[in-house]
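Down below is the structure, laid out as structure tokens.
The values are calculated or read from the model by the stated rules, or taken from the named source; none is laboratory data. No experiment lies behind these values; they were computed from the predicted model shown. Glycine gets a Cβ as well: all are built from the backbone with ideal geometry, and neighbour counts include every protein chain shown. These accessible areas exclude ligands, DNA and RNA; they are computed on the full protein's heavy atoms, side chains included. Shrake-Rupley method; radii C 1.70, N 1.55, O 1.52, S 1.80 Å.
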Amino acid sequence: MAGSRLPRQLFLQGVAAVFMFAFASLYTQIPGLYGTEGILPARRTLRPQGKGPWQQLWETPTLLWEAPRLGLDTAQGLELLSLLGTLLAMGALLLPQLRHLLVYLLLWAAYLSACQVGQVFLYFQWDSLLLETGFLAVLVAPLWQPPHHKQPPQGGLAGALPHEALPFWLVRWLLFRLMFASGVVKLTSRCPAWWGLTALTYHYETQCLPTPAAWFAHHLPVWLHKLSVVATFLIEIAVPPLFFAPARRLRLAAFYSQVLLQVLIIVTGNYNFFNLLTLVLTTALLDDQHLAAGSGNSHRKKTPASWAKALLALLALLLELTVCGLLAYGTVHYFGLEVDWEHHIIHSRTIFTFHQFSQWLKMVTLPTMWLGGASLTWELLTALWRWTQVRGWLQKLWAAVQLSIFGSATVAMFLVSLVPYSYIEPSTHGRLWTGAHRLFGAVEHLQLANSYGLFRRMTGLGGRPEEIEFMYKPGNVSWPPPVVVPHQPRLDWQMWFAALGPHTHSPWFTSLVLCLLQGKEPVIRLIQHHVARYPFHKQPPTYVRAQRYKYWFSQPGEQGRWWRRQWVEEFFPPVSLGDPTLDVLLRQFGLQDKSPPRARSSSHSLTRALLWTRKQLSPLEAPTLLWGLILTVGAVRVMQALLRPHPSRASPPPREEKHRPAPKKDRGAATEQATPAPSNCNSSSQATRRKK
């Protein structure tokens, strides 16, 4: 059995990095989204209801209830949480001593607190995924970090606590749920683009924030787009069960297939930290042996294998060949792959029906749960066996306590996750154990387990709809698509969703129009970071209206143009301050500010510190700030590597000296002391005789 110490450390570092990106990205947008002059002021979300503090905290779990005690309003408290979260996450990324259970608990609690007041701008699936992953990091992180020189050897289980692998198994289960559900919902949605394998002919130009590489990917041949959709279904539906395969080469093959998919998405689309977080989850498919071999630190000597090991290796090879053969046959058969040698293309089409797929899904959903349960049972038995190897009654008792706590938590988290996972198949959801439903209902507001299903339907089949021009989303047809990863411009994302329907489906849009009419600078900075470039920076506009356009990528050969566009309709009618239409919409959506914000003194030291920090960081655009954090972490890592003592430098080889004969009475003692010296002739001759 290969250990998982290195993958766990890699996972914890990755979670810390994603938290750092998420907090820093959110911090740059708080004044425009949640400030007193923002689109959806955060102070409106936390209104005391006359309940006790603990009941209030349980029903709305956010640390921002305590902001008034610090002399801060809700938005300022959110700024403080984001800054502290960024610094704490960076510390955990750089210092092993900070990869502690309590540190990740604070990070999770801080992000959960932000999501409680984030409203529609923090309702994305990757926010839920980060919360669930962050809580798993709490379980994976150690209570005590042993010194570097006392850590167990790489690739071995010596010194590992019996319970350590149990919470890390939940990461693999989360990755399975994420990928399998994301693949299944594409077909259960009955979206004609996914069923016709043409989704990628639209995806690259209709996604929210494409990259320049998306333009080139969009102009690939149609047959290659269709083949890519087939590969997507293979990676998202057929490969995830291999996450629990007994053969490690199958798990590694599954790992590299998931990495390939995520890297391609990162190259062609700006999906903030989502794909980076998915890559972090894939570390659960790795083991110490693979990582040590990849880093060149594996010095294991090859020993002759016994007949039992040779038989197991043969059976594993047969299993791997069988699985690969079944995957290849199923792909060719169910997607009708045919090679056209004359035109050098591969034809593909979906040859199964929606009814057949629904029956298959009904047949496999429950068995996938049993597969997860069987895999978890194996992990529990393995942990129990490791516990029997612990020596010393005190150490055995302490290991038993930890195993009981973390084993129970792992089983409980697995049961809770079955409920949102079963949403992919309604009849299976109804047959779940009622205890799992009750357990999920008790902790649902903490977002410990969530349902997932990305790109359920391919939107914008007739071109991407757009409205007013923004900093990151497409607007000027001559501007190339930007690269903003890992930043998420949350207003730009919500504008993309708003354009898919009437403005009444997005009530916050009316508040945005009001802020533009009032010339609110924090909101203007969300549209144009450099206020001087905003056309109404000197005086707010008298009227505001929104027009909807459809955008397509330009064709090769169109010089100086990345996009083509066509006017569709008026999205929002022309309005001005005091306009009855605007007032009616504000009242209808409950956006009129009936209770103006309380004036808080800016003389408070914490308030002044927040204002000073904002003033220092405001000249930086959000992507620049996040890339600066990446460069800072990289520079510190390089310095750590250079200053870390090398094993060969830490213990120089002993100096060779001539052996002097010892006195007769001390001859035995001298010989015994000289035995370890490599230059001692007697010791080498004794070693030779032993070998013979």
Span-rule helices in the chain, defined as complete DSSP H runs reaching 27 Å or more along the axis (Cα) with Kyte mean at least -0.5: 5-27, 74-94, 165-188, 248-268, 307-334, 354-388, 393-421, 622-643
Surface share of carbon and sulfur [accessible, 1.4 angstrom probe, percent] for the range 330-469: 67 percent
Most positive-pole-ward Cα, L327, G196, Q76, against dipole of the chain from beta carbon charges: L327
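Strictly greater than 16 Å: what percent of every Cα pair in the range 232-283 meets that? Don't skip to the answer; put the middle values down first.
Values: 529 of 1326 pairs.
In whole percent, the share of Cα-Cα pairs in the range 232-283 beyond 16 Å is 40.
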Accessible area per residue, Å², the chain with all protein chains present, probe 1.4 Å: 51 Å²
Cα-based Rg and Dmax for the range 306-365, where Dmax is the largest Cα-Cα distance (Å): 17.7, 52
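Specify whether the C-alpha gyration tensor of the range 1-40 places it in the rounded, prolate or oblate class, a ≥ b ≥ c being the square roots of the eigenvalues: rounded for a/c under 1.5, otherwise prolate if a/b is larger than b/c and oblate if not.
Working: a/c = 8.76, a/b = 5.50, b/c = 1.59.
Prolate, because a/c is 1.5 or more and a/b exceeds b/c.
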Residue-by-residue Karplus 3J(HN,Hα) for the range 556-569, coefficients 6.51, -1.76, 1.60, Hz, glycine and proline x: x, x, 7, 5, x, 10, 9, 10, 10, 9, 9, 5, 10, 6
Anisotropy class of the range 404-538 from Cα gyration tensor, a/c 1.5 cut: prolate
Dmax and Rg, reported as Rg then Dmax, of the range 6-146 (C-alpha, Å): 15.3, 49
Quotient of Cα Rg and 2.2 N^0.38 Å for the range 394-459, N being how many residues it contains: 1.49
Three-way shape call for the range 67-135 based on the alpha-carbon gyration tensor, with the a/c threshold at 1.5: oblate
Proximal charge balance of V280 [Cβ under 14 Å; K/R count +1, D/E count -1]: +2
Mean Cβ count within 10 Å, highest first, over the residues of peptides 48-54, 547-553, 214-220, 353-359: 547-553, 214-220, 353-359, 48-54
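Find the Cα radius of gyration of the range 280-431, compare it with 2.2 N^0.38 Å by division, and give the number to two decimals. Write out the running numbers ahead of the final one.
Working: Rg = 22.5 Å, N = 152, 2.2 N^0.38 = 14.8 Å.
Here the answer is 1.52, to two decimals.
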Packing rank of 89-97, 337-345, 166-174, where each peptide gets the mean count of other beta carbons within 10 Å, highest leading: 166-174, 89-97, 337-345
Amide H contacts under 5 Å for I346, placed H, 5+ residues apart: D340
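Ranking request for peptides 581-592, 102-113: highest mean number of other beta-carbon atoms within 10 Å first, then the rest in descending order. Can you show the working numbers first?
On the way: 581-592: 14.2, 102-113: 21.6.
The peptides rank, most packed first, as 102-113, 581-592.
Could you please state how large a percent of the accessible area of the range 86-127 is carbon and sulfur, counting protein chains only and using a 1.4 Å probe? Intermediate values should be presented prior to the final figure.
Details: 1120 of 1460 Å².
Whole-percent figure for carbon plus sulfur exposure: 77.
Please give the direction-averaged projected area of the C-alpha convex hull for the chain, in square nanometres with one decimal.
The directionally averaged projection comes out at 42.8 nm².
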Sites C324 and R349, calculated FRET efficiency, Cβ-Cβ separation with R0 30 Å, nearest 0.05: 0.80
Between the range 485-530 and the range 43-61, the alpha-carbon center distance in angstrom: 28 Å
Placed amide H near W563: partners under 5 Å, 5+ positions off or other chain: S554
Under-5 Å amide H pairs with L432, H placed in peptide plane, nonlocal only: none
Helix-derived mean residue ellipticity, 222 nm - over the chain, DSSP H n ≥ 4, -39500 (n - 2.57), to 500: -17500 deg cm²/dmol
C-alpha center-to-center spacing [the range 202-231, the range 540-591] in angstrom: 27 Å
At R0 = 30 Å, FRET efficiency that the Cβ-Cβ distance of A641 and Y256 yields, to 0.05: 0.70
